[in-house]
Amino acid sequence: MKRFYVNVISDKVKDAAIVAERLLQYESSMMKEIRIKNDWKYNSGSGEEIYQKVIKSTLITPVFFYKTMNPWSSVLGYFDGKAIHINSRKINQLSHADLVGLLVHEKLHALGYSHGNNFKNSDKVAFSVPYYASENILKWI
């Protein structure tokens, strides 16, 4: 099932989207781990509820580049309610794994999962679906 529509001319992003799509499928090791984890916070639900919502989703999320006004911004990307936007100033600094993690993280936002505010901490990495997925991406790709 196609989950991303990459609307940028970038093989790096297209390759990362293919991997991210695989990770969001029911048989992936990431989804299996999310399914059995049941200590989620931030109004996420049980592992089974998250698993079912992700694998049953037919939402195709467009992916665009944007250029920050501030060249020193640390923001890698964001989901605006309709599309994923990747900071074009940061794309060359992102590894393949970082980019896959960013796409998965933002896709989980598109599916309704939150991490409260934008201040990452160890609690959010352990118990919010988007941060958990992006911060553990290396073990699944």
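Each value in this text was obtained by applying a stated rule to the coordinates, not by laboratory testing. Just so it is clear, the model here is predicted, and its values are computed rather than measured. Reconstructed Cβ throughout: ideal geometry from the backbone, glycine too, with neighbour counts over all protein chains shown.
Which percent of the Cα-Cα distances in segment 4-139 go past 17 Å?
Values: 5187 of 9180 pairs.
Distances greater than 17 Å cover 57 percent of the Cα pairs.
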Given labels modelled 7 Å from the Cα in the Cβ direction, how far is it in nm from residue 98 to residue 60? 3.0
With charges set only on the Cβ (+1 for Lys and Arg, -1 for Asp and Glu), what does the dipole of the chain come to about its Cα centre, in debye to the nearest 20? 220
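For segment 74-141, what D do you get in µm² per second when you plug the Kirkwood radius from alpha-carbon pairs into Stokes-Einstein at 37 °C and 0.692 mPa s? Before the final figure, lay out each step's value.
Numbers: Rh = 12.2 Å.
Taking Rh from Cα pairs, D becomes 269 µm²/s.
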Give the cross-link partners of residue 124 among the aspartates and glutamates, using a straight C-alpha distance below 12 Å as the criterion and excluding same-chain residues fewer than 8 apart. 39, 135
Zero-based 5 Å bins, Cα pair distances in segment 27-87, whole percents: 4, 15, 18, 14, 17, 16, 10, 6, 0
Over segment 4-139, relative contact order from alpha-carbon pairs under 8 Å, at least 6 apart, %: 25
Using 0.36 nm times the number of residues separating residue 80 and residue 29, minus their current alpha carbon distance, what extension gain do you get? 15.6 nm
